[in-house]
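Worksheet: the structure to be examined is printed underneath.
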Amino acid sequence: MLVETSPSATRREVRTARQQGLSIGCVPTMGALHAGHVSLIDAARQQCDFVVATIFVNPTQFGPGEDFLKYPRTLDADLEMCRVAGANLVFTPPVTAMYADSAQTIVRVTKLAQVLEGAHRPGHFDGVSTVVTKLFNTTEPDRAYFGQKDYQQQLIIRQMAADLDQPVEIVTCPIIREPDGLAMSSRNRYLSPHDRQLASRIFQALKLAEQLAAESPLPPTEIAWAMTNHLNSVDGIAVQYAVIADPVTLEPLADRSDSAVALIAAKIGATRLIDNQILRFR
Ligand code: AMP
């Protein structure tokens, strides 16, 4: 497995692979890897000949007061996981290799990036869409792999790739969960044992929504209220949003429709977690 820190060396390696007729898959991550990330590398390995994982804690997607400085950095363990998972190249640049002091360009998706996460984390998606564009420019992938865990993010990346004619197929992979349902996340390691127990209520609230959509006549607004209620019924959880939305536009759904997505963001103690679940109405 190759490990590169420079964009130009990475591009050179990827182009060499392409000249050999290999297809390229890219898996962008911020490191602190877990089984969710590994599932993306697995999917890329199944569909592509040469898999590039990127590990970069991207400062521009963290707001003031967020956890950029204390975001977990576990590079040695990450490289070992990438090697075991079968990545061919890991691109792990320093911040200075990604952002010149003189940089003036951002990539901004408009409508989709203004709601939900975008409303609670101003500027977050500008950072995401800009860094993902740069990673695409460096790794020139045929396919890029994102988790449904970050539902809004994968929609935004799809929109961006289509709008900017980026020649890459976006693949969304299922959410990998802990045995009690908690979605795996690099941020789960911040949770105290007590908060870790509380955190499973997020998954319970999503399962409740799934059940109410499938088995009751309740409208989406009342299902969303039931999720909020489930989360608020114990101390230590602060709900930021718990909504039922259109799975493509993310606009809140007033009426039952063919498909929907339930999305939750909540703070458990000081740790902010997100999760989601596709719903089918009966
Ligand atoms: P991150 O390192 O948190 O930026 O995540 C990198 C990629 O892994 C993103 O596309 C995430 O959506 C995806 N990911 C994170 N957690 C999970 C999970 N539990 N299951 C599947 N994919 C995930």
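Could you grab me the full set of residues in the stretch 113-129 that are small (Gly, Ala, Ser) and either surrounded by fewer than 18 Cβ atoms within 10 Å (Cβ to Cβ) or farther than 17 Å from residue 240 by Cα (or both)? Scanning the stretch 113-129 gives 119, 123, 127, 129.
Out of all the residues in the stretch 29-48, which are near the ligand (Cβ under 6 Å from one of its atoms) and open to solvent by 20 Å² or more (accessible area, probe 1.4 Å)?
Across the stretch 29-48, the qualifying residues are 30, 37, 39.
With the condition kept exactly as written, say whether any residue in the stretch 176-194 is under 21 Å from residue 152 (Cβ atoms), touching a Gly at 6+ places or on another chain (Cβ under 9 Å) and surrounded by fewer than 17 Cβ atoms within 10 Å (Cβ to Cβ). Looking through the stretch 176-194, at least one residue is under 21 Å from residue 152 (Cβ atoms), touching a Gly at 6+ places or on another chain (Cβ under 9 Å) and surrounded by fewer than 17 Cβ atoms within 10 Å (Cβ to Cβ).
Here no helices (runs of 4 or more DSSP H) wholly within the stretch 98-208 include at least 2 residues being among the aromatic types (Phe, Trp, Tyr), touching a Pro at 6+ places or on another chain (Cβ under 7 Å) and in contact (Cβ under 8 Å) with a residue 12 or more places away in the chain. All told, residue 73 meets the bar of being open to solvent by 70 Å² or more (accessible area, probe 1.4 Å), under 22 Å from residue 178 (Cα atoms) and without any contact (Cβ under 8 Å) to a residue 60 or more places away in the chain.
The values are calculated or read from the model by the stated rules, or taken from the named source; none is laboratory data. Because the structure is a prediction, the values reported are computed rather than measured. In this analysis, Cβ positions are derived from the backbone assuming ideal geometry, glycine residues included, and neighbour counts consider all displayed protein chains. Ligands, DNA and RNA are stripped out before the accessible areas are found, and what is left, the full protein with its side chains, is counted by its heavy atoms. Shrake-Rupley method; radii C 1.70, N 1.55, O 1.52, S 1.80 Å.
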